[in-house]
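Novice: Pasting a structure here, questions to come.
The values are calculated or read from the model by the stated rules, or taken from the named source; none is laboratory data. Computed from a prediction, not measured in an experiment: that's the story for all the values here. A quick note on method: Cβ atoms are made from the backbone with ideal geometry, for glycine too, and the neighbour counts reach across all protein chains shown. The protein model used for the area step is the full one, side chains on, heavy atoms only, and it has no ligands, DNA or RNA in it. Shrake-Rupley method; radii C 1.70, N 1.55, O 1.52, S 1.80 Å.
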There are 2 protein chains.
Amino acid sequence: MGTGQLATLIFQGFSGKIYPIHPKESTVLGFKAYRSIFDLPEIPDLAFMVLPTDIVVPKLEECGRAGVQAAVVVSGGFREVGEAGLERERMLVRVAEKFGMVVIGPNCIGVSNFHIGMNTTYFPYQQDPGEITIISQSGTYSCHVYGYTRKFGMRLSHTVSVGNSAVVDLIDCLEYFSREPHTKAIALYIEGLRDGKRFLRVAREISQKKPVVALFVGGTQAGAKAGMSHTGALGGDDQIYEGVFRQAGLIRVRTVEEMLDTAWALASLPPPAGNRICVLTNAGGPGASMADSCNREGLEVPEFSAELKADLKEILPHTASVSNPVDLTYFMDLRAMYERIPRIILGSDEVDGIVMYGVFGSLLYRTLEEGLGGRIKYPIDEVIPLVRELLGKFVCFPREYGKPLIVSSFWGTDDDALKQIADNGIPVYSSPERGVAAMAALYRYGRYLRGFTED
Amino acid sequence: MGTGQLATLIFQGFSGKIYPIHPKESTVLGFKAYRSIFDLPEIPDLAFMVLPTDIVVPKLEECGRAGVQAAVVVSGGFREVGEAGLERERMLVRVAEKFGMVVIGPNCIGVSNFHIGMNTTYFPYQQDPGEITIISQSGTYSCHVYGYTRKFGMRLSHTVSVGNSAVVDLIDCLEYFSREPHTKAIALYIEGLRDGKRFLRVAREISQKKPVVALFVGGTQAGAKAGMSHTGALGGDDQIYEGVFRQAGLIRVRTVEEMLDTAWALASLPPPAGNRICVLTNAGGPGASMADSCNREGLEVPEFSAELKADLKEILPHTASVSNPVDLTYFMDLRAMYERIPRIILGSDEVDGIVMYGVFGSLLYRTLEEGLGGRIKYPIDEVIPLVRELLGKFVCFPREYGKPLIVSSFWGTDDDALKQIADNGIPVYSSPERGVAAMAALYRYGRYLRGFTED
């Protein structure tokens, strides 16, 4: 497993130095290997320990003596296996305290910081670094999700698998990432909290500065039992956790997908100042779905004033609906669609944000051209530079108008236009309803910042 | 637009003959074009009409006189534009009645039957044909979703965009697909129903034979308004629709993604005989999430008997949890994971179905091997044939044991093993919670079949 995790570190293009320590090998994956921490040419910043359980504590002690200030202990066999492991974990804590070491784990997957190409998990992260940090009581959710985030275009800053939290716990990480500059939103996966009061105090302070999303799975009988056997975490009454999250200003979510969706919006966009949303679409079904979802999520889809309708009517064809939802139908004026109409709507004082469906780049046309072996030719090469230019401005609208703009698409970032959007700070959700759910989460966070703690 | 839709038909590899009719061109996309329906060498089975509004009715009349029995009218400008359109639509209906023609539309995208390579929408479907049929009051949901289904591996049989439903409506389609043999589950997208009583009567009969999923978006103020401006559909009180769906035995869903997820499970798997679910995982986080979601969705995660635990303990390592969730942890005995353990669990009378997380094929290892340029070598070529063989049996378990088996994965069908599973009838969901939600829908459908109409 250690070799596998080193492989990922290499894969990720870690920018620092790597010194494998191995009892027998003279090289590991091409790196010169050393016999012990004392043989290294310098004191490393971090010891990453994948060792048989019995020698973890002695080796951590050696690291301490050598002057290493931080360690990640992947090895299991501690608190999570019962009494014998608990004593071993106490010894580990004593060593950490003795040398003042920061220790993540034991029984964890590791830590990633994609801004320096550091990934000690066994999953490759194949995207650019981003602004979402995951702090997780599950190792899986700190790394298996890389395949998912890649598919959808949301990007991660850091991930931490806290494991047994013997020395550093989820709350410490929360404090750290509240100050870490790349992190714009924090996602927490929680099976159980040991110190609810401290969590509430810390989280309440942090959520004023940085949005925090919380997924808690220990509130049902089956969830609590599963968490207990996984990390020895004590789940608890769902209503109590609900109250803590609400008081702390955390955005609670129910699924891992919702956790990532929500963190994406919170990391990227300003919260809307109110709940008045414009549904902008070129397809009736998604328009109706988004409108319906808005109402279900506590968002309004207000009727526009006569003035705003008149402004839109000047630009739109007679087949379009200038009411809200604004349905462009088969409208091919790209400059109107991507620039003039959003500007008119965002510039009005009638809406607080836009959820949009209907962005298409060249994927559809290229696919058909290729499939027909040249029998049909679309004006892709003429249109794409214009789309690119327009979208270059489009992605700046949230900053420019101080209002969120969210896009949804069933094709997502497989398409060049949607990729440009997602890569430049506008989340692209895989369905109209998910875009609306993300907007609703943004609204709730904004409401919290304005001083409302209850819905 | 007509040319675009013909392009898709060609792309899809339609197995029938195509006769373009065009007023000026002598060929269209390489096909000899004809001046009128009367010039064709034979009477076509279907007229697909993309025409200026004004000539739709006269041309439909010509088709009728020529003996054409069925038409799809894509053109808009009918009921959805108000009074003038309504009269035009009445004329269209009279022509259809006069010649006894089956007409889909007007104001629709078209019809797809992937079993004969027929796709008259403007979106390419790049998968094998499947068993889910979508009947939709939105053209978008009958075709834009092809990019989505491809990404996730669910496969479609037919899609119908009913448009204004002047002649053939959603209920007629429902009746037709209840008898259509490729269709194993039907998904309905509904903005509003004109004849609730007839819908209830027909749907109630069909849902006893074939599962039907319903997405209704007209129950909120904003959703109803959007639907009205889209297809002129009258939404209605959400509680009334809820009651109709329940009485009719339809599985109601709230989002397009849930519609597809649910139809996938219903089309592929037998409903569980009860609500006792085994959570099978090799990762603690997804295990806890699935257990938690089960309880939230009304499913139980029962404690196993001492006998069943003992049977599992014989196979599993000491680090594994033989309780429910069954957490294999880092267990590498593939034969046990994919065959012996599922067989023991499904063969017991203690559970009614399995939700599973933790299937990995070669994608992870190939990615790392490539990324490290050969510096590391995994035994992929030795392991993959075994995985393939084991999964060949695994996918038969639902039929063999009469119990559903659902898999979830963040990588999905990008991975070879997960693709094999999805291609052979076991749905693979993009998150643990979605797998559980699909299992819960299956449970509710089974409960309905056993005579329960209320929760």
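Novice: Which of the residues spanning the stretch A:21-33 are open to solvent by 30 Å² or more (accessible area, probe 1.4 Å) and outside any loop (DSSP other than H, G, I, E, B)?
Specialist: Within the stretch A:21-33, the first condition is being open to solvent by 30 Å² or more (accessible area, probe 1.4 Å), and the residues that meet it are A:21-27, A:30-32.
Passing the criteria: A:Ile21, A:Thr27, A:Phe31, A:Lys32.
Novice: Let me ask something additional. Output the residues belonging to the stretch B:243-260 that are open to solvent by 10 Å² or more (accessible area, probe 1.4 Å) and over 14 Å from B:Phe216 (Cα atoms).
Specialist: B:Gln247
Novice: Could you tell me which of the residues B:Arg194, B:Arg179, B:Arg155, B:Arg204 is among the basic types (Lys, Arg) and at pLDDT below 95? Full working, then the answer.
Specialist: Details: B:Arg179 fails: at pLDDT below 95; B:Arg155 fails: at pLDDT below 95; B:Arg204 fails: at pLDDT below 95.
On inspection, the qualifying residue turns out to be B:Arg194.
Novice: Looking only at the stretch B:442-453, decide whether some residue is at pLDDT 95 or above, under 18 Å from the mean Cα position of the chain (by Cα) and hydrophobic (A, V, I, L, M, F, W, C).
Specialist: Yes.
Novice: How many residues are under 23 Å from B:His230 (Cβ atoms), in a helix (DSSP H, G or I) and open to solvent by 30 Å² or more (accessible area, probe 1.4 Å) when one looks only at the stretch B:92-112?
Specialist: 1
Novice: Output the number of the condition that A:His318 fails; it satisfies all remaining conditions of (1) closer than 30 Å to B:Gly85 by Cβ; (2) at pLDDT 90 or above.
Specialist: So the condition that A:His318 fails would be (2).
Novice: Restricting the first residue to the stretch A:5-24 and requiring it to be closer than 25 Å to A:Gly147 by Cβ, which pairs with a second residue that is among the aliphatic types (A, V, I, L, M) and part of a helix (DSSP H, G or I) meet a Cβ separation below 6 Å and a spacing of at least six or different chains?
Specialist: Partner pairs satisfying both residue conditions: A:Ala7/B:Leu368; A:Phe11/B:Leu368; A:Ser15/A:Ile116.
Novice: Shifting gears a bit: Quick test of your reading of the structure: B:Tyr176 fulfils all but one of (1) open to solvent by 10 Å² or more (accessible area, probe 1.4 Å); (2) in contact (Cβ under 8 Å) with a residue 24 or more places away in the chain. Name the failing condition by number.
Specialist: B:Tyr176 satisfies every listed condition except (2).
Novice: Starting from residues that are in contact (Cβ under 8 Å) with a residue 24 or more places away in the chain and within 9 Å of chain B (Cβ to nearest Cβ), keep the ones in the stretch A:211-220 and report whichever is surrounded by the most Cβ atoms within 10 Å (Cβ to Cβ). I'd like the intermediate steps shown before the answer.
Specialist: Filtering the stretch A:211-220 down to residues in contact (Cβ under 8 Å) with a residue 24 or more places away in the chain leaves A:211-218.
Next, from what is left, pick out any that are within 9 Å of chain B (Cβ to nearest Cβ): A:215-218.
Values: A:Leu215: 29, A:Phe216: 26, A:Val217: 36, A:Gly218: 27.
Of everything passing the filter in the stretch A:211-220, A:Val217 is surrounded by the most Cβ atoms within 10 Å (Cβ to Cβ).
Novice: Pull out all pairs, ordered by first then second residue, where Cβ-Cβ is under 7 Å, the residues are six or more apart or on different chains, the first lies in the stretch B:271-299 and is within 8 Å of another protein chain (Cβ to nearest Cβ), and the second is assigned to a helix (DSSP H, G or I) and of a type in the set (Lys, Arg).
Specialist: B:Ala291/A:Lys225
Novice: Do you know which of the residues in the stretch B:180-210 that are without any contact (Cβ under 8 Å) to a residue 40 or more places away in the chain and not in a loop (DSSP other than H, G, I, E, B) is surrounded by the most Cβ atoms within 10 Å (Cβ to Cβ)? It would help to see each step written out before you state the result.
Specialist: First, the residues of the stretch B:180-210 that are without any contact (Cβ under 8 Å) to a residue 40 or more places away in the chain: B:181, B:195, B:197-198, B:201-202, B:205-206, B:209-210.
Next cut, not in a loop (DSSP other than H, G, I, E, B) only: B:197-198, B:201-202, B:205-206.
Values: B:Lys197: 9, B:Arg198: 13, B:Arg201: 13, B:Val202: 18, B:Glu205: 14, B:Ile206: 21.
That would be B:Ile206.
Novice: Considering every residue within the stretch A:36-44, establish whether at least one is of a type in the set (A, V, I, L, M) and either within 30 Å of A:Gly227 (Cβ to Cβ) or open to solvent by less than 30 Å² (accessible area, probe 1.4 Å) (or both). Spell out the reasoning first.
Specialist: Quick first cut of the stretch A:36-44, residues of a type in the set (A, V, I, L, M) only: A:37, A:40, A:43.
Still in the list and also either within 30 Å of A:Gly227 (Cβ to Cβ) or open to solvent by less than 30 Å² (accessible area, probe 1.4 Å) (or both): A:37, A:40.
Yes: one or more hits.
Novice: Looking at this structure, is A:Ala320 within 14 Å of chain B (Cβ to nearest Cβ), open to solvent by 10 Å² or more (accessible area, probe 1.4 Å), of a type outside the set (Val, Ile, Thr) and touching a strand residue (DSSP E or B) at 6+ places or on another chain (Cβ under 9 Å)? Break it down into steps so the answer makes sense when it comes.
Specialist: Values: within 14 Å of chain B (Cβ to nearest Cβ): yes; open to solvent by 10 Å² or more (accessible area, probe 1.4 Å): yes; of a type outside the set (Val, Ile, Thr): yes; touching a strand residue (DSSP E or B) at 6+ places or on another chain (Cβ under 9 Å): yes.
Answer is yes for this residue.
Novice: So B:Pro271 clears everything in (1) outside any loop (DSSP other than H, G, I, E, B); (2) farther than 23 Å from A:Glu80 by Cα except one condition, right? Which one?
Specialist: Here B:Pro271 clears every test but (1).
Novice: Kindly evaluate A:Leu308 against the criterion of being farther than 30 Å from A:Arg79 by Cβ and more than 24 Å from the chain's Cα centre (by Cα). Spell out the reasoning first.
Specialist: Numbers: farther than 30 Å from A:Arg79 by Cβ: yes; more than 24 Å from the chain's Cα centre (by Cα): yes.
Taking the combined requirement at face value, the residue satisfies it.
Novice: So B:Phe177 passes all but one of these: (1) in a loop (DSSP other than H, G, I, E, B); (2) touching a strand residue (DSSP E or B) at 6+ places or on another chain (Cβ under 6 Å); (3) under 30 Å from B:Arg90 (Cβ atoms); (4) not hydroxyl-bearing (Ser, Thr, Tyr). Which condition number does it fail?
Specialist: (1)
Novice: Exactly one condition in (1) at the interface with another protein chain (Cβ under 10 Å from one of its Cβ atoms); (2) open to solvent by less than 10 Å² (accessible area, probe 1.4 Å); (3) assigned to a helix (DSSP H, G or I) is not met by B:Arg150; state its number.
Specialist: (2)
Novice: While we're looking at this one, here's another question. At least 2 residues that are in contact with a strand residue (DSSP E or B) (Cβ under 8 Å, 6 or more places away or on another chain), away from chain B (no Cβ under 11 Å) and crowded, with 16+ Cβ neighbours inside 10 Å in each: list the helices (runs of 4 or more DSSP H) lying fully within the stretch A:339-455 that qualify. Talk me through it step by step, then tell me what you get.
Specialist: On the way: elements: A:341-347, A:363-371, A:380-394, A:397-401, A:416-423, A:432-449.
The qualifying helices (runs of 4 or more DSSP H) are A:341-347, A:397-401, A:416-423, A:432-449.
Novice: Given the options A:Leu266, A:Leu280, name the one that is part of a helix (DSSP H, G or I) and modelled with pLDDT of 95 or more.
Specialist: Values: A:Leu280 fails: part of a helix (DSSP H, G or I).
Within the list A:Leu266, A:Leu280, the selection yields A:Leu266.
Novice: Could I ask something else about it? Restricting the stretch B:17-33 to residues that are within 13 Å of another protein chain (Cβ to nearest Cβ) and hydrophobic (A, V, I, L, M, F, W, C), which is nearest to the chain's Cα centre (by Cα)?
Specialist: My answer is B:Ile18.
Novice: Okay, moving on. Give the stretch A:323-338 a look and list any residue that's modelled with pLDDT of 90 or more and open to solvent by 50 Å² or more (accessible area, probe 1.4 Å), or say none.
Specialist: A:Arg335
Novice: If you check A:Ala288 against the conditions, is it part of a helix (DSSP H, G or I) and more than 23 Å from the chain's Cα centre (by Cα)?
Specialist: Values: part of a helix (DSSP H, G or I): yes; more than 23 Å from the chain's Cα centre (by Cα): yes.
Yes.
Novice: Another question, then. Return the residues of the stretch A:131-143 that are within 26 Å of A:Leu418 (Cα to Cα) and either among the basic types (Lys, Arg) or open to solvent by 10 Å² or more (accessible area, probe 1.4 Å) (or both); say none if nothing qualifies.
Specialist: A:Glu131
Novice: Yes or no: the stretch B:51-61 includes at least one residue that is part of a helix (DSSP H, G or I), within 15 Å of B:Leu92 (Cα to Cα), over 26 Å from the mean Cα position of the chain (by Cα) and within 14 Å of chain A (Cβ to nearest Cβ). I'd like the intermediate steps shown before the answer.
Specialist: The initial filter retains those residues of the stretch B:51-61 that are part of a helix (DSSP H, G or I), namely B:53-61.
Then keep just the ones that are within 15 Å of B:Leu92 (Cα to Cα); that gives B:53-61.
Going one step further and asking which of them are over 26 Å from the mean Cα position of the chain (by Cα), we end up with B:53-61.
When the remaining residues are screened for being within 14 Å of chain A (Cβ to nearest Cβ), the result is B:53.
Yes, that holds for at least one residue.
Novice: Let me ask something additional. For the stretch B:221-235, how many residues meet the condition of being within 30 Å of B:Tyr443 (Cβ to Cβ) and open to solvent by less than 20 Å² (accessible area, probe 1.4 Å)?
Specialist: Of all residues in the stretch B:221-235, those within 30 Å of B:Tyr443 (Cβ to Cβ) come to B:223, B:235.
Narrowing the set further to residues that are open to solvent by less than 20 Å² (accessible area, probe 1.4 Å) leaves B:223.
Number satisfying all stated conditions: 1.
Novice: For the stretch B:73-89, check the following and say yes or no: at least one residue is part of a helix (DSSP H, G or I), farther than 18 Å from B:Met228 by Cα, open to solvent by 20 Å² or more (accessible area, probe 1.4 Å) and touching a strand residue (DSSP E or B) at 6+ places or on another chain (Cβ under 9 Å).
Specialist: Within the stretch B:73-89, not a single residue is part of a helix (DSSP H, G or I), farther than 18 Å from B:Met228 by Cα, open to solvent by 20 Å² or more (accessible area, probe 1.4 Å) and touching a strand residue (DSSP E or B) at 6+ places or on another chain (Cβ under 9 Å).
Novice: Take the residues of the stretch B:118-147 that are within 12 Å of chain A (Cβ to nearest Cβ) and of a type in the set (Gly, Ala, Ser): which is nearest to A:Ser289 (Cα to Cα)? Explain how you work it out, then say what you get.
Specialist: The first filter runs over the stretch B:118-147 and keeps only residues within 12 Å of chain A (Cβ to nearest Cβ), leaving B:119, B:121-126, B:134, B:136-147.
Filter again for of a type in the set (Gly, Ala, Ser), leaving B:136, B:138-139, B:142, B:147.
Working: B:Ser136: 13, B:Ser138: 10, B:Gly139: 13, B:Ser142: 14, B:Gly147: 18 Å.
Among them, the one singled out is B:Ser138.
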